[in-house]
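Inspection log for the structure reproduced underneath, given as structure tokens.
We did not get these values from a lab; they are worked out from the coordinates using the rules stated. Being a predicted model, the structure only gives us computed values, none of them experimental. As a convention, Cβ positions derive from the backbone with ideal geometry for all residues, glycine included, and neighbour counts pool all protein chains shown.
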Amino acid sequence: MTRDEYNIFCASLPATTHVVQWGGADVWKVGGKVFAIAGWSKSRQSAYSFKVSEQNYHFLKDEPGYRPAPYLASRGFKWIQKYDNFSMNDEPLRYYLTQSHYLVSLGLTKKKQKELGLNQD
């Protein structure tokens with residue numbers, strides 16, 4: 001996934017906002033809370049960080065092309081970074097970005113969720 005494709009995908013998720021911060025990172029938020037960050041890996045390729053469930057954290061942390069997200073994971077947060085973008089299949093990344101959006105939205109107050117039209121099932 002290119003950085004442009006990442007931004008287009010994140011923009012397609014409900015109630016999102018975008019800012020550029022932290023040295024040029026594309027940061028996506030839902031309800032003012034960060035759910036995805038695109039920055040640079042050491043190879044100068046884009047690297048994508050996102051929040052995951054406890055189970056997915058343990059599954060992904062040792063998978064090729066994934067690692068605990070620098071800074072965030074070291075502080076106890078369940079965030080993973082996809083840093084190897086050689087795979088032609090972007091579906092797993094789309095899935096994890098969608099799940100991150102959902103997990104972060106669940107942490108919003110019920111009032112804020114209702115305001116944003118989220119999780120109203």
Practice task
In nm, give the distance between the simple-model label positions of ALA11 and LYS33, each being 7 Å from the Cα along the Cα-to-Cβ direction.
Solution key: 2.5 nm
Exercise for the section: Can you pull the one-decimal nm distance between simple spin-label points at ARG3 and TRP40, each 7 Å off the Cα toward Cβ? Expected result: 0.8 nm
Practice task
Take each of the peptides 10-23, 93-106, average the number of other beta-carbon atoms within 10 Å over its residues, and list them starting from the highest.
Solution key: 93-106, 10-23
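Please tell me the relative contact order of segment 3-111 in percent, rounded to the nearest whole number, where contacts are Cα pairs under 8 Å and at least six residues apart.
On the way: 167 pairs, mean separation 25.3, N = 109.
So the answer I get is 23 percent.
Nothing charged except the Cβ atoms of Lys and Arg (+1) and of Asp and Glu (-1): what's the magnitude of the dipole of segment 3-111 about its Cα centre? Round to the nearest 20 debye. All intermediate terms of the calculation are to be shown ahead of the outcome.
Working: 14 positive and 9 negative charges, 103 e Å.
Dipole of segment 3-111, to the nearest 20 debye: 500 debye.
Any chance you could run the full-extension gain for TYR95 through VAL20? It's 0.36 nm times the residue separation minus the Cα-Cα distance, nm to one decimal.
Working: separation 75, 0.36 × 75 = 27.00 nm, distance 2.28 nm.
Difference between extended and current length: 24.7 nm.
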Practice task
Kindly flag which residue pairs out of LYS29/LYS61; LYS82/LYS110; LYS33/LYS112; LYS82/LYS114 have an alpha-carbon separation exceeding 21 Å in this structure.
Solution key: LYS29/LYS61; LYS82/LYS110; LYS82/LYS114
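Using 0.36 nm per residue, how much length does the chain from SER74 to LYS110 gain when fully extended, once their Cα-Cα distance is taken away?
Numbers: separation 36, 0.36 × 36 = 12.96 nm, distance 2.93 nm.
Gain in length upon complete extension: 10.0 nm.
For each of LYS114, LYS51, count neighbouring Cβ atoms within 10 Å of the residue's Cβ, then give the residues from fewest to most. Provide the component values of the computation, followed by the final result.
On the way: LYS114 12, LYS51 26.
Least crowded to most crowded, the residues run LYS114, LYS51.
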